[in-house]
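Trainee: Pasting a structure here, questions to come.
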Amino acid sequence: QVQLVGSGGGLVQPGGSLRLSCAASGSIRSIATMGWYRQAPGKQRELVAAITSGGSTNYADSVKGRFTISRDNAKNTLYLQMDSLKPEDTAVYYCNLLLGPLSYWGQGTQVTVSS
């Protein structure tokens, strides 16, 4: 069984920064792809960024150049550094871990970008 606990969300002004963290516990091996998704009110959940065990990354076009995903395999922790935040980044952010055919989700953390 795998548990994911996300943290780091909050209220920030446009142009500000936040860093999200997601700690994974349980039967984790380093061979796993991890990612961040977000869901805004009335919208479908969308992929924000993903990172493989080897460190290859993938970003949504809307966050390229502003967000950086990283992971610490020794700590089983995933990060998302979010800079130059915009009001349209407001959403609940979820971390995700893929282990073969299995997909695990964190509980979600709210990010609100507003002046």
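Trainee: With θ set to phi - 60°, apply the Karplus curve 6.51 cos²θ - 1.76 cosθ + 1.60 along the range 8-20 and write out the HN-Hα couplings as whole Hz, x wherever there is a Gly or Pro.
Mentor: Taking θ as phi minus 60°, the curve returns x, x, x, 9, 9, 7, x, x, x, 10, 9, 10, 8 Hz for the range 8-20.
Trainee: Tell me which of 73, 48, 58 sits at the most positive position along the dipole axis of the range 32-79, charges placed on C-beta atoms (Lys, Arg +1; Asp, Glu -1).
Mentor: 48
Trainee: Further question: Would you mind classifying the chain by shape? Square roots of the alpha carbon gyration tensor eigenvalues, ordered a ≥ b ≥ c; an a/c under 1.5 is rounded, otherwise it is prolate if a/b is larger than b/c and oblate if not.
Mentor: In terms of gyration-tensor shape, prolate.
Trainee: Still on this model: Per residue, how much accessible area does the chain show when a 1.4 Å probe rolls over the protein heavy atoms, in square angstrom?
Mentor: 53 Å²
Trainee: Would you mind checking which residues have amide H under 5 Å from residue 90's amide H? H placed 1.01 Å from N; only 5 or more apart, or other chain.
Mentor: Close amide H contacts, sequence-distant or interchain: 113.
Trainee: Another question, then. Quick check: with the 1.4 Å probe, what order do 111, 92 take by accessible area, largest first?
Mentor: 92, 111
Trainee: Carbon and sulfur together cover what percent of the accessible area of the chain at a 1.4 Å probe radius?
Mentor: Carbon plus sulfur share of accessible area: 49 percent.
Trainee: Another question, then. Considering only the other residues whose Cβ falls under 13 Å of the Cβ of residue 106, what net charge follows from Lys and Arg at +1 and Asp and Glu at -1?
Mentor: Once all neighbours under 13 Å are counted, the net charge is +2.
Trainee: With the crude spin-label approximation of a point 7 Å out along Cα→Cβ, what separation in nm comes out for residue 70 versus residue 114?
Mentor: 3.1 nm
Trainee: Quick one: 3J(HN,Hα) in Hz for the range 74-83, Karplus 6.51/-1.76/1.60 with θ = phi - 60°, rounded, Gly and Pro as x.
Mentor: 5, 9, 6, 10, 10, 10, 9, 8, 10, 10
Trainee: Could you give me the ³J(HN,Hα) list for the range 33-38, computed from phi with Karplus coefficients 6.51, -1.76, 1.60 and θ = phi - 60°, whole Hz, x at Gly and Pro?
Mentor: 8, 10, x, 10, 10, 9
The values are calculated or read from the model by the stated rules, or taken from the named source; none is laboratory data. Owing to the predicted nature of the structure, the values given are computational and were not obtained by experimental measurement. No Cβ is skipped: glycine too gets one built from the backbone with ideal geometry, and neighbour counts run over all protein chains shown. Just the protein is used for accessible areas: all its heavy atoms, side chains included, with ligands, DNA and RNA removed. Shrake-Rupley method; radii C 1.70, N 1.55, O 1.52, S 1.80 Å.
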